[in-house]
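First comes the structure, then the notes that go with it.
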Amino acid sequence: SIPSEPFTPAVIVCLPPKNWTITAENTASDRVDLRHLAVCSIDPPGCKGIDDALHARMLPNGHLEVGVHIADVSFYVRPNTALDTEAARRATTTYLCQRRLDMLPGLLTETLCSVRSNVDRFVFSVIWTLDPKTADEISVRFHRSIVHSKAAMTYVQCSCVLNRIMNSHIINTRI
C-alpha cells in the first residue's frame, strides 16, 4: 500500500515554476550567505536528489570549523498546502529495484532542492567550531543558509578528504 500514483494537479500547482532561481528578492534576510565557503555535496554515485553537503576549514584563530548543510525543503513545502498534505501521506521516498516512489515531485527532489555542484541552493546548516587537538566542541550554531557547492563527492571521496584534514590537524580525534 505504498503510494505510487502520480502527483495530483492540486499538488503540482503548489510548485514554483521550472525556471525558478534564488534571487535577492526571494531570499529572507535571516538566511546566512555561505556561498564563499568550499562546500561540497555528498551523496551516493548516480544520486539525483542530492540533499547533503558539508565543509571543513581551519579558522584564523586555529579552531576547526565543520558544517553540515541539508536541503531546505521547507522553503518550498508550505504548511497546510496540498503539497504538504501529500508529502505527509507518502511519508518518505521508497526505493525499489529499478524504480523510486517519490515523496515529493521531481522538480523539488531532483532540481530545486538538490544541492548539486555549481548552483546556489537554500539549505539548513549546522556549523560546529571544534578544538583541533581534541575535537571538543567549542560552539555550534544552526541557521538557514545559501550555499554554492563547489564539487559533488561520493561518501568514499568525502571520507578520504576528511581523513586527510583530520590527520593533518587533530592529534587525538574522537570524530
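Things to note:
- Of the residues making up the stretch 121-142, those that are at pLDDT 95 or above and either open to solvent by 30 Å² or more (accessible area, probe 1.4 Å) or of a type in the set (Val, Ile, Thr) (or both) are VAL123, PHE124, VAL126, ILE127, TRP128, THR129, GLU137, ILE138, SER139, VAL140, ARG141, PHE142.
- Selection of first residues in the stretch 46-57 that are more than 11 Å from TRP128 (Cα to Cα) and touching a residue at least 24 places away in the same chain (Cβ under 8 Å) and of second residues that are among the aliphatic types (A, V, I, L, M) and in a loop (DSSP other than H, G, I, E, B), restricted to Cβ pairs under 6 Å at least 6 apart or on distinct chains, gives the following pairs, ordered by first then second residue: ILE50/VAL115; ALA53/VAL39; ALA53/VAL115.
- Every residue from the stretch 40-67 that is open to solvent by 50 Å² or more (accessible area, probe 1.4 Å) and under 8 Å from the mean Cα position of the chain (by Cα): ASP51
- Qualifying residue in the stretch 101-112 (condition: assigned to a strand (DSSP E or B), at pLDDT below 90, open to solvent by 70 Å² or more (accessible area, probe 1.4 Å) and more than 29 Å from ASP33 (Cβ to Cβ)): no
- Close pairs from the stretch 122-146: first assigned to a strand (DSSP E or B), partner among the polar types (S, T, N, Q) and open to solvent by 80 Å² or more (accessible area, probe 1.4 Å), Cβ under 8 Å, at least 6 apart: none
- For the stretch 143-175, filtered to residues that are at pLDDT 95 or above and over 18 Å from ALA38 (Cβ atoms), the residue that is most open to solvent (accessible area, probe 1.4 Å) is ARG144.
- Evaluation of LEU37 against (1) in a loop (DSSP other than H, G, I, E, B); (2) among the hydrophobic types (A, V, I, L, M, F, W, C); (3) more than 13 Å from the chain's Cα centre (by Cα); (4) modelled with pLDDT under 95 (one fails), failing number: (4)
The values are calculated or read from the model by the stated rules, or taken from the named source; none is laboratory data. Since we're looking at a predicted model, the values are computed, not measured. Because the Cβ atoms are built from the backbone with ideal geometry, glycine has one as well, and the counts that use them run over all protein chains shown. Areas reflect the complete protein model, heavy atoms only, side chains present, ligands, DNA and RNA absent. Shrake-Rupley method; radii C 1.70, N 1.55, O 1.52, S 1.80 Å.
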